[in-house]
There are 4 protein chains.
Amino acid sequence: MNHVFNSTALNMSYVSDNVAGASPEIIDALAQCNTGQVNPYGNDDGTARIEKKLSDIFERPVSVFLVNSGSAANALGLSVLTPPWGHVLCHPDSHIYNDECAAPEVFNPGSKLITVAGESTKISPARLREKLTHKLGDVHSTQPATLSITQATETGSVYNLDELQVLKDICRSSNLKMQMDGARFANALVSLNCTPAEMSWKSGIDILSFGATKNGALSAEAVILFDQGMATEMGYRRKRSGHLTSKMRFLSAQIDAYLSDDLWLKNAAQANNMAKRLEQGLAGIHGIELLGETQTNIIFCKMSAKTIDHLYGQGFTFYANRWGKDIVRLVTSFATTEQDVDALIRAAKNSSA
Amino acid sequence: MNHVFNSTALNMSYVSDNVAGASPEIIDALAQCNTGQVNPYGNDDGTARIEKKLSDIFERPVSVFLVNSGSAANALGLSVLTPPWGHVLCHPDSHIYNDECAAPEVFNPGSKLITVAGESTKISPARLREKLTHKLGDVHSTQPATLSITQATETGSVYNLDELQVLKDICRSSNLKMQMDGARFANALVSLNCTPAEMSWKSGIDILSFGATKNGALSAEAVILFDQGMATEMGYRRKRSGHLTSKMRFLSAQIDAYLSDDLWLKNAAQANNMAKRLEQGLAGIHGIELLGETQTNIIFCKMSAKTIDHLYGQGFTFYANRWGKDIVRLVTSFATTEQDVDALIRAAKNSSA
Amino acid sequence: MNHVFNSTALNMSYVSDNVAGASPEIIDALAQCNTGQVNPYGNDDGTARIEKKLSDIFERPVSVFLVNSGSAANALGLSVLTPPWGHVLCHPDSHIYNDECAAPEVFNPGSKLITVAGESTKISPARLREKLTHKLGDVHSTQPATLSITQATETGSVYNLDELQVLKDICRSSNLKMQMDGARFANALVSLNCTPAEMSWKSGIDILSFGATKNGALSAEAVILFDQGMATEMGYRRKRSGHLTSKMRFLSAQIDAYLSDDLWLKNAAQANNMAKRLEQGLAGIHGIELLGETQTNIIFCKMSAKTIDHLYGQGFTFYANRWGKDIVRLVTSFATTEQDVDALIRAAKNSSA
Amino acid sequence: MNHVFNSTALNMSYVSDNVAGASPEIIDALAQCNTGQVNPYGNDDGTARIEKKLSDIFERPVSVFLVNSGSAANALGLSVLTPPWGHVLCHPDSHIYNDECAAPEVFNPGSKLITVAGESTKISPARLREKLTHKLGDVHSTQPATLSITQATETGSVYNLDELQVLKDICRSSNLKMQMDGARFANALVSLNCTPAEMSWKSGIDILSFGATKNGALSAEAVILFDQGMATEMGYRRKRSGHLTSKMRFLSAQIDAYLSDDLWLKNAAQANNMAKRLEQGLAGIHGIELLGETQTNIIFCKMSAKTIDHLYGQGFTFYANRWGKDIVRLVTSFATTEQDVDALIRAAKNSSA
């Protein structure tokens, strides 16, 4: 058996970071934990160890609930923070609003998502304040309960700590809870170079979806509760949604390996660095216009239909014309290599020549 | 890395089949599929291959939806078959009624589960007929929509093909759909020595939860739709419940290995055979009374408090006194060996001596 | 226009108390409140007056939410007391379990009703205690949250104050909330000859469905919260279920008239007395066997198929053979008169002669 | 008892049409139907008569479900037309989106409302077409299922028959169902001077909330199904939401009187005419600017803060500054008289003098 990931072939897909497989270290961890009998449903030592590790990393006792998907993590977190007659405020381009087939509403029937726009897929504080004055205390309307933000955002941008603080202040003064969709938490963390605590509970976050799948796990996300008083409720909510895994050791082992030896940070740095390298390579090419700064592992740029077709013809894949005419999105991952990136740059150069 | 499962230590837990790990072949399959980039969300060749394999095994084109837990598989299947104002008929000791924290009701808000008792955890046809006359067409009551049966049952018993046919006839004449919780489908199949088709759609089953987790997978269950017309709806339902995995290859790979080289049947046979061996060993011991015939991998017997304590003292674990005073449940799994079983028999003998 | 209710024809239906119309005083109140403009949605003086009146009657400040149906009143009350992963304990013959098409589950998706049997449609304290030990704190099961009792019960029996106290003690010690379905609250109150406070919050009731429809209103039920802290939540819950009436004055006027000049108590006494008169009349008839004591306005008795047919032939209507062979249920109402009752007794005598 | 509505005092509130009471004819009908015993739950002759009358009026056999509130009527209708993974397209200023505390989502858990803007509170066909191309068939998104339009709209404007036809064509070609919130159906009908059939099913409407409360009833709305095949499902849905009234005769009597002698059309004409008279009176006043044409019973205009305050001081009530600075909304009703209107015009003239 050969664990060297993807050794010979080029990674030619930039469609999403979920086209990658898993880190070999995480695959290995599955095999290593596959010895003997252990208690099911998270009552095993390995799962307890995860909670301890994450408490250390976040500098505070946390409760951790492992699940298999980011949609489940988000929907579970939001359901604990929001009463059935409440609403979640989120960006119109957020994953929870657009890409989860109403999972937040399924997990919390009757609650609503209300969108608050803003540049770079980030909530505008001014618009948020405005929304919070709407029909307050009026029984004819659901009530604002929770702010959901994505870090890094769906377009790869990042809230800096000051921006998070502004949102926290608004939420605290309006009695709103805060949830963070951290499907790309590690990518944002590496980008900001701050501590996990600073980017989460110190910024007011009550519940975090701590993603691992996009960054090297097979299928593992941790819902992290910074207020452990919510843990009892979350236990029932996870089970009733079918997200309590019996052989939990295999979820825990993924997260354990993910957190060991800074694998999560190394993987995120690799993805971010490759995006940066790609950005720099594309910057010099005539006819390609970069759209905004690349803060994590997602690049938006403009290129001609001819260039797009040429790249497709070479075997590269990515989304084009989905966010506007000639707009191309390129996503790198932990598995993207320098050779991968350089091959794409070269092909782009050739096509625009 | 050593894949020989559990080689040195005895398996001393008979609490449940989910205390076991995974078959080494399935762990290996994860590593083997971890090469290169593939389409996410089930749009990969590996997932397509699973659907083909299961269509062959079930002798009919089927639609397959992979999920991570049996509760999810059951709740999804039932939600497709039952209108929101309908109810599911099930045994009072069924997993869906007792052990899923109302997942079927969460996935289909407003629907109910109505219990129909019967010997050996099997639905009594007479009682089922009786329930089906209750408030039919009366808007003050939810309406019978779906029969859910578990095969093998929660206590390890098995509906034979004749019994299934009786239930099918009742359901067809009352316009009821049929769902099968097959968390231990393989154990039942091996016990009956019939074909998968006979034990499912030929017996009227519309949707099957085809379990793999208890029988050697890490975390993988297949919802099998025998009517492919339900597939579109199921696609949305899986996603909105957070059970659509992005890196689906790792779920598909588990099922692929599970179905390859008859691993699923071999594993089930091993579990069943070890239960049979254990039953035979216990049968000869003074003071131990076997309760019913062991048809799959679950044994119920009566033993004295002294014997129970002695076994606990030796390090064996299992449920006692949960189904009645001095009643003991012993569950074997694919990972249980002859040495394991013989050690338990020996200890039981000693303690009753 | 003639307000004298039902002056000439006999009331020959004993099917239910809801075949009656409304008390003339309540119809009059609608006309009287139909003057000028008033604030909608319960922000009118009339509605405020109701809350005051009910606070006086119950000897304690209460919050009142008027709705149009008993099912709505029950489902709303239960939804405030029960978390989504909780269950309501109720009698298997209760209205909420049998006759509301799962409204409690619709209003609180994912919650369950768990039945606790007992004689005379009353919860058995011993069985309740037993149920409360089942899977406590186990995430695989919904958790006991609320006890729902019906007073008077669906078969017309009544919990006496001692019996209520026993249930209260169990609930308090197990941290359960208590809801009372008081569709026939007045009938029970008149039967027990106690105070409304004694029969409700002093007996541990947290939320009461205070019925008026069966006892003389057109369509008006009051959800009474003994803990006013629940009122904010209830406001949103009522609206989101479509049960907030815009022209609330017409609901309030019904309850106002119902409570004025002891109309509610007089109506209930009339219904109960007519049932008693009927019981006494039937008692002397050969071939008719009374089943249990008549405590409110519902009589159960046994009569021959011949007698039943004879009465049907005379034009009388009632349920027969629904609760067993030859078992007849007879329900009186506030509109039942002595002539009505005597006509039925006469006919029964003739038929059994 | 004096049934002459509101005879002496001026109607000085223009806040909403729901501050009015009920038509005396409708109050009378309640008293008249209050004789003898009738079958409950809509199994009475009076309710059957309503269905017949509405079938005549709409020139087609219809199924009718009476409920007590417009929110219930809308939410029930939408829940029948929309699968749980579907969404309803509606105007951002629609009642269902803004004023029902998420009732549509409560009645159909997991479904979403997606807004489509447009001038005059009317859906823009171009924008609708655009929305219908979004993530079609993609499991990550709920799917377009139903278009909901309000006629007359929440601001009193009216879709003409041509506009309805355009929407119908779009819906038919995209396989969308159509629901109409007709809380002010009569006002729109009188305004367009067309037939009820033309304004409903001939324009593609599948289910209509036929409002009566705002136009003279106490509390009565009819959900009208133009496809009677949906009736069975609707029966269960109405009951499980607590909206099946036991003494249905009192709801039916309201609708019966409403439809008799063209009361519904006369009432709507009165409201519309009074709005027109008010519009004309305000048009000539210096400093008052009318905003758009008044098509039904709602006027929007601009007046100075001084004028607003003056009118408030005189005892008039209405919403100001809610839709923008100095913007005033004035709503007339069936109960508004010429004296009422002239008094307001006079006061406005004086204040602007």
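Over chain D, what is the mean sequence separation of C-alpha contacts under 8 Å (at least six apart), divided by residue count, expressed as relative contact order in percent?
Dividing the mean separation by the residue count of chain D yields 24 percent.
Where Rh is the Kirkwood radius over the Cα pairs of region A:99-170, the temperature 37 °C and the viscosity 0.692 mPa s, what D in µm²/s does Stokes-Einstein return?
The diffusion coefficient I find is 239 µm²/s.
What three numbers, in Å, describe the spread of the alpha carbons of the protein assembly as shown along their principal axes, ordered from the longest?
The principal-axis extents, from largest down, are 94, 88, 53 Å.
Given C-alpha coordinates of region A:4-66, what is the ratio Rg to Rh with the Kirkwood estimate of Rh?
Working: Rg = 16.4 Å, Rh = 14.8 Å.
Ratio value, two decimals: 1.10.
Would you grab the residues whose amide H sits under 5 Å from the one on residue C:317? Only those 5+ places off in sequence or on another chain, please, with H modelled 1.01 Å from N.
C:13, C:14
Which residue, C:47, C:58, C:15, has the largest displacement toward the positive end of the dipole of region C:1-143 when charges sit on each Cβ (Lys, Arg +1; Asp, Glu -1)?
Farthest along the dipole direction, towards plus: C:58.
Taking H placed 1.01 Å from N in the peptide plane, check which residues at least 5 places from residue B:113 or on another chain put their amide H under 5 Å from its amide H.
B:88
Summing -39500 (n - 2.57) over the DSSP H runs of n ≥ 4 in chain A and dividing by its residue number, what mean residue ellipticity at 222 nm do you reach, to the nearest 500 deg cm²/dmol?
Here the helix-only value at 222 nm equals -11500 deg cm²/dmol.
Report the far tail of the P(r) of chain B, meaning the percent of Cα-Cα pairs longer than 34 Å.
So the pairs more than 34 Å apart make up 28 percent of the total in chain B.
Just how large is the dipole of chain B about the Cα centre, in debye to the nearest 20, putting +1 at every Lys and Arg Cβ and -1 at every Asp and Glu Cβ?
The calculation lands at about 540 debye.
Please check: in the Gaussian network model of chain B (C-alpha springs, under 10 Å), which one of B:146, B:337, B:155 has the largest mean-square fluctuation.
B:337
Give me the three principal axis extents of region C:221-282 from the C-alpha atoms, as integers in angstrom, largest value leading.
So the extents along the principal axes, rounded to whole Å, are 50, 22, 21.
What is the local net charge at residue A:153, summed over the other residues whose Cβ is closer than 10 Å to its Cβ (Lys, Arg +1; Asp, Glu -1)? Write out the running numbers ahead of the final one.
Working: positive: A:122, A:184; negative: A:93, A:154, A:181.
With Lys, Arg at +1 and Asp, Glu at -1, the neighbours total -1.
With springs only between Cα atoms under 10 Å, which of D:332, D:133, D:307 fluctuates most in a Gaussian network model of chain D?
Maximum fluctuation in the GNM of chain D, among the listed residues, is at D:133.
For region D:160-256, what size does the Cα cloud have along each of its three principal axes, sorted from largest down, in whole Å?
41, 30, 16
Ignoring trypsin sites (Lys or Arg not before Pro) that are buried or in helix or strand per DSSP, and keeping those with at most 12 other beta carbon atoms within 10 Å, what is the longest stretch of chain B between them?
B:1-321
Could you work out how far the C-alpha centroid of region D:109-152 sits from that of region C:280-315, in angstrom?
Cα centroid of region D:109-152 versus Cα centroid of region C:280-315: 60 Å apart.
On the Cα set of region D:293-338, report Rg and Dmax in Å, please.
My reading of the Cα-based Rg and Dmax gives 11.1, 29 Å.
Hey, what D do you get for region B:205-256 in µm²/s if you plug the Kirkwood alpha-carbon radius into Stokes-Einstein at 10 °C and 1.306 mPa s?
Answer from the Stokes-Einstein relation: 132 µm²/s.
Looking at the P(r) of region B:1-120, how many percent of alpha-carbon pairs lie beyond 18 Å?
70
DSSP loop (so not H, G, I, E, B), at most 13 other Cβ within 10 Å: list which GluC sites (Glu not before Pro) in region C:249-353 pass both filters.
C:293
Which values of log₁₀ I(q)/I(0), to two decimal places, follow from the Debye formula for region A:170-315 at q = 0.12, 0.16 Å⁻¹ with a uniform point scatterer at every Cα?
With no solvent term, the Cα-only Debye profile gives -0.68, -0.98.
How big is the C-alpha Rg of region D:69-130 next to the rule-of-thumb value 2.2 N^0.38 Å, as a ratio?
1.09
Treat each spin label as a single point 7 Å out from the Cα along the C-beta direction, and report the residue B:352 to residue D:28 distance in nm.
The answer from the label model is 8.9 nm.
Residue by residue through region A:82-87, which ³J(HN,Hα) values in whole Hz follow from phi under the Karplus form 6.51 cos²θ - 1.76 cosθ + 1.60 (θ = phi - 60°), with glycine and proline marked x?
Along region A:82-87, the couplings run 10, x, x, 9, x, 10 Hz.
If you take the charge dipole of region C:299-353 about its Cα centre, with +1 on Lys and Arg Cβ and -1 on Asp and Glu Cβ, which of C:337, C:307, C:321 is farthest toward its positive end?
C:321
At q = 0.26, 0.33, 0.35 Å⁻¹, work out log10 I(q)/I(0) for region B:191-232 with the Debye formula, treating every Cα as an identical point scatterer and leaving solvent out; two decimals please.
Here the Debye-derived log intensity ratios amount to -0.96, -1.06, -1.09.
If you take the C-alpha gyration tensor of region A:53-179, multiply each eigenvalue by 5 and take the square root, what semi-axes do you get, largest first, in whole Å?
In descending order, the three semi-axes are 22, 19, 16 Å.
Grab every C-alpha pair in region C:265-353, bin the distances at 10 angstrom width from 0 up to the longest one, and report whole percents.
Each 10 Å bin holds this share of Cα pairs: 18, 55, 25, 2.
Just want the answer: with Cβ charges of +1 for Lys and Arg and -1 for Asp and Glu, which residue in D:270, D:282, D:82 is farthest toward the dipole's positive end in chain D?
Towards the positive end, the residue furthest out is D:82.
So what's the net charge close to residue D:326: Lys and Arg +1, Asp and Glu -1, counting the other residues with Cβ under 14 Å from its Cβ?
+3
Taking the Cα centre as origin and putting +1 on Lys and Arg beta-carbons and -1 on Asp and Glu beta-carbons, what dipole magnitude results for the protein assembly as shown, to the nearest 20 debye?
0
Based on Cβ point charges of +1 for Lys and Arg and -1 for Asp and Glu, what charge dipole magnitude is obtained for region A:48-196 about its Cα centre, in debye rounded to the nearest 20?
Details: 14 positive and 15 negative charges, 71 e Å.
In total the dipole reaches around 340 debye.
Could you work out Rg/(2.2 N^0.38 Å) for region C:166-208, with Rg from alpha carbons only?
Cα-based Rg divided by the globular estimate yields 1.17.
At what distance in angstrom do the alpha carbon centres of region D:156-219 and region B:250-274 lie from each other?
Here the two parts' Cα centres lie 59 Å apart.
FYI, it's all coordinate maths here, none of it is from the lab. Note that the coordinates shown come from a computational prediction; the quantities given were computed from them, not determined experimentally. Glycine also receives a Cβ, built like all others from the backbone with ideal geometry; neighbour counts cover every protein chain displayed.
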